[in-house]
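Please read the structure below before turning to the comments.
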Amino acid sequence: MEKIYNDYFSEGIEIHSDNFRDDTLLKAGLKLNHLRMIVTIEDHGQISAAAESMNMSQPAASRMLSEMESIVKSPLYERVARGVVLTPFGLALAKRARKILLELREAGRELGALRTGRGGSVFLGAVTAPAISLVVPAIQRVTRSYPGIEINIEVENSNVLARELLAARHDFIISRIPDDLDPRLFLAHEIGVEKACLVVRNGHPLLEKGVASLLDLAGYDWVFQPPGTLLRRKVEDIFLAAGVSLPENVVNTSSLLLTLAVVCKTDAIAPIALDMAQFICGQSSHAGESSILPIDFDIDVRPYSLITARERAMPPSARLLHDMILEESKNLSPL
């Protein structure tokens, strides 16, 4: 029997031509919601989480997956201890589905720009430091020169941003590639080093010391980013390398606002990006009732990069902002 590699399954999976011809999947009933489901399953790894994301019940999500397996005549997922994983058939379909959904989103953006006469929209994510030092100045330049561009920004940690880039929720990110993701999925241009510092409330006992050492810090409460994030790991590595015990009383949060609230109301210490600390400390607000704590060591986090998804073209509006951020980075001090 003659065999072909159908365009939907280009990852080396052999498909019989009797089962798949040109628009067979569409004629068999494959719909956009099926494509959304397979992508959501890949992103979440659980049927219940995928169902919640798509605003449907878990039984309805299970029925939809069964429909898809009937349509493609192949198993798309298998159950594991903590949820589900896609089979090679499911992975191949998810890869194509993600591209199809992305193209539809881009079509909507392009048509919207044509209808309104606006300059298009951009979706980007950034870790804290370059969001302040690079993105804000670039946005000022873009909006002055090209009014009408709508810019959507998410500030998050690298683990979140890289996965959202792969899920086509961002056009590009300023971040790092997490160690547990395949770097071949990305194109990255290193543009800066994120410097961090420690912040405490105004009047904190350590401010009276002048310059604090690691030994001075260990006995205080701390507010950290969630375990595994780069800034937290860097601070923990500094403690461990110096042979100083890690702080025992820790609050974990990804919220900068909550971090500052705890710092300003207690004697807790928090590491945050230096650019953010310089922006906040001294402001005439409750968040500004904090100070940068002088310390006798540096906190330099791993360099960050301008990152795009390999084999995915950016729309013109995103390319424009991307290039202006790259230009802004060259105006800063060299690495």
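Obtain the radius of gyration and the Kirkwood radius of the chain from its C-alpha atoms and give Rg over Rh.
Here the Rg-to-Rh quotient is 1.05.
Amide H neighbours of I269 under 5 Å, at least 5 residues apart or on other chains, H built in the peptide plane: list them.
D221, W222, V223
Take the Cα atoms of the range 195-301, build their convex hull, and give its volume per residue in Å³.
On the way: hull volume 9.5 nm³, N = 107.
Looking at the range 195-301, the number lands at 88 Å³ per residue.
For a protection proxy built on the mean count of beta-carbon atoms within 10 angstrom, sort 252-260, 26-34 highest first, please. Walk me through the intermediate numbers first.
Numbers: 252-260: 15.4, 26-34: 13.8.
Most protected by this proxy first, the peptides run 252-260, 26-34.
Between G148, G219, G210, find the one with the highest GNM mean-square fluctuation for the chain; connect C-alpha pairs within less than 10 Å.
Taking springs between Cα atoms under 10 Å, the residue moving most is G210.
Rounded to the nearest 0.05, what FRET efficiency do R144 and L185 have when you use their Cβ-Cβ distance and R0 = 35 Å?
0.55
Given the C-alpha centroids of the range 48-64 and the range 287-309, what is the distance between them in whole angstrom?
The range 48-64 and the range 287-309 have Cα centres separated by 40 Å.
Just to confirm the filter: which GluC sites (Glu not before Pro) across the range 194-263 are DSSP coil and have at most 14 other Cβ within 10 angstrom of their Cβ? If you can, show how the numbers build up before the last one.
Details: sites: E194, E208, E236, E248; in loops: E248.
Of the GluC sites (Glu not before Pro), the ones in loops of the range 194-263 whose Cβ has at most 14 other Cβ atoms within 10 Å are E248.
Which entries of K31/K95; K31/K73; K195/K234; K209/K234 show an alpha-carbon separation above 20 angstrom in the structure shown?
K209/K234
Cα extents of the range 97-177 along the three principal axes, largest first, in whole Å?
37, 35, 12
Between R79, R310, R201, find the one with the highest GNM mean-square fluctuation for the chain; connect C-alpha pairs within less than 10 Å.
Its mean-square fluctuation being the largest, the pick is R79.
How many Å³ per residue does the convex hull of the Cα positions in the range 24-100 occupy?
80
What residue among A94, A50, A241 shows peak mean-square fluctuation when the chain is described by a Gaussian network model with Cα springs under 10 Å?
Of A94, A50, A241, the most mobile in the Gaussian network model is A241.
Read-outs: derived from the displayed coordinates by stated rules, not from any lab. Predicted model, so just to flag it, every value in this text is computed and none were measured. When we count neighbours, we look across all protein chains shown, and the Cβ atoms used for this are built from the backbone with ideal geometry, even at glycine.
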